[in-house]
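Report on one structure; see the data block that follows.
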Ligand SMILES: Cc1cc2nc3c(=O)[nH]c(=O)nc-3n(C[C@H](O)[C@H](O)[C@H](O)COP(=O)(O)OP(=O)(O)OC[C@H]3O[C@@H](n4cnc5c(N)ncnc54)[C@H](O)[C@@H]3O)c2cc1C
């Protein structure tokens, strides 16, 4: 017998489970279909395990630098199996939190693979081989993404791994060439180098974290080189081959010619592709945007009653999927909701951390409006000096006429937290004056944001301007 429900959701990652909770809050009967584990990529193979490993790596680094604070630590070491066990425990705890939320909201969870029979009917292949049918006037596709593996020779060699496998490494490799200097690549570089691995990053584009303001990418490359991570930008991977010593040779084309890099292992972090395998969306005539499902700002596909959210529509973050999930079901249940993409925080948990929101300087200039830019270094921020992490800066891009904050770009300590205030400023269309009038507690890191905003008007307090020095 078919299960009849108000909303059926395929995929229990950040998009799907949040959509389910919001729909339940609005009084709908919800069926959530998940083929693997609740929490999706984020909880099981993404945000959570990667940050747990990064945190352990950062703590190990902090212990090694304890003497800078006058502290004596007789010996510092790690047991990587225990590091992994702690990461697994964090993942289990947070996944169980999601399970509790789903159950507590009265959502019917079906373990199995969902596919469309028609626009309002799904077939679910259960784990035991049986099938179940679900009918719903509204269906949300939240099937996420998987690692991309382009046809480059050698990517299938033993010793080559992607992020899924990278999170389960039984030991820290002596050396790794990481292909891809985007968020996942630089986070793994930070984590593994913190545990003593020799890291080389190969990035095809001209800077690390290429979706960020180029100034940030350059600053990150400088900091990486300083901590011993080798960075090759503008460099293309040609092929990977087994080397006689059991390691891997990586043939690349650099801006100055061909070169070969060598490492014990190679990590491939060159992006993710949307996952729609076996869903049967082609039968329904759902419009695509390259490989992504095409949606409008209400998260509607071109087929009435079918919504899509998260990585499968091109979102890159769990927090984007969260919001899209809420927007999709609110519309499905007769409310009026729309995605606003102006203030999505971009966050990368490398060291130093990178975060941004809104327009880059280049994008702001391209709109044709006159802009002003302010910057403030963390070295002039008391808290950054206190915690011994003074590399980096905050850059604020503002409209020259009204002072509206258009974009904020940060590299430095805890900027993945600091960006929340900047996101609020962008979404509220706050001005430099608004930020300047907001009293920021001292000594705290957010002071750097206020000072960068003040610098737009050349009135930052804790830095001597060149003109004033005369
Ligand atoms: C290493 C790594 C680190 C990351 N770090 C961060 C971070 O720090 N912050 C951040 O915001 N984002 C991070 N991300 C990105 C984040 O994980 C994704 O943006 C997010 O998980 C997308 O959510 P989603 O719901 O769209 O899809 P997913 O999380 O991929 O979930 C999709 C779910 O659908 C299920 N599914 C697929 N097809 C079917 C089907 N036919 N039937 C039933 N179930 C199905 C899958 O099993 C999966 O559980 C990271 C990603 C990676 C890989």
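So if I check each of 305, 280, which one is surrounded by fewer than 17 Cβ atoms within 10 Å (Cβ to Cβ), touching a residue at least 24 places away in the same chain (Cβ under 8 Å), within 14 Å of the ligand (Cβ to nearest atom) and farther than 20 Å from residue 423 by Cβ?
On the way: 305 fails: within 14 Å of the ligand (Cβ to nearest atom).
Among 305, 280, only 280 is surrounded by fewer than 17 Cβ atoms within 10 Å (Cβ to Cβ), touching a residue at least 24 places away in the same chain (Cβ under 8 Å), within 14 Å of the ligand (Cβ to nearest atom) and farther than 20 Å from residue 423 by Cβ.
Of 154, 112, all but one fail to be within 14 Å of the ligand (Cβ to nearest atom) and in contact with a strand residue (DSSP E or B) (Cβ under 9 Å, 6 or more places away or on another chain); the exception is 112.
Can you confirm whether segment 19-26 contains a residue that is free of Cβ contacts under 8 Å to residues at least 40 places away in the same chain and not assigned by TED's automatic domain parsing to the domain that holds residue 385? Before the answer, list the steps.
Here is the first cut: in segment 19-26, the ones free of Cβ contacts under 8 Å to residues at least 40 places away in the same chain are none.
The answer is no; no qualifying residue exists.
This table checks each residue for (1) crowded, with 21+ Cβ neighbours inside 10 Å; (2) more than 9 Å from the ligand (Cβ to nearest atom); (3) not in a loop (DSSP other than H, G, I, E, B).
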| site | (1), (2), (3) |
| --- | --- |
| 15 | yes, no, yes |
| 27 | no, yes, no |
| 55 | no, yes, yes |
| 89 | no, yes, yes |
| 101 | no, yes, yes |
| 106 | no, yes, no |
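Scanning segment 108-151 for residues that are in a loop (DSSP other than H, G, I, E, B) and either surrounded by fewer than 22 Cβ atoms within 10 Å (Cβ to Cβ) or modelled with pLDDT under 95 (or both) yields 119, 120, 127, 128, 129, 130, 137, 148, 149, 150, 151. Does segment 43-51 contain at least one residue that is at pLDDT 95 or above, within 24 Å of residue 91 (Cβ to Cβ) and not in a helix (DSSP H, G or I)? Looking through segment 43-51, at least one residue is at pLDDT 95 or above, within 24 Å of residue 91 (Cβ to Cβ) and not in a helix (DSSP H, G or I). In the set (1) surrounded by fewer than 18 Cβ atoms within 10 Å (Cβ to Cβ); (2) within 25 Å of residue 351 (Cβ to Cβ); (3) under 21 Å from the mean Cα position of the chain (by Cα), the condition left unmet by residue 444 is number (3). Could you list all residues from segment 385-409 that are part of a strand (DSSP E or B) and more than 24 Å from residue 339 (Cβ to Cβ)? The answer is 393, 394, 395, 396, 398. Screening residue 188 with (1) at pLDDT below 95; (2) within 16 Å of the chain's Cα centre (by Cα) gives one miss only, at (1).
Are there strands (runs of 3 or more DSSP E) fully within segment 224-325 with at least 1 residues that are in contact with a helix residue (DSSP H, G or I) (Cβ under 8 Å, 6 or more places away or on another chain)? List them.
230-232, 265-268, 272-274, 306-308
The values are calculated or read from the model by the stated rules, or taken from the named source; none is laboratory data. Computed from a predicted model, the values in this text were never measured in an experiment. Cβ coordinates were reconstructed from backbone atoms using ideal geometry, including for glycine residues, and neighbour counts include every protein chain displayed.
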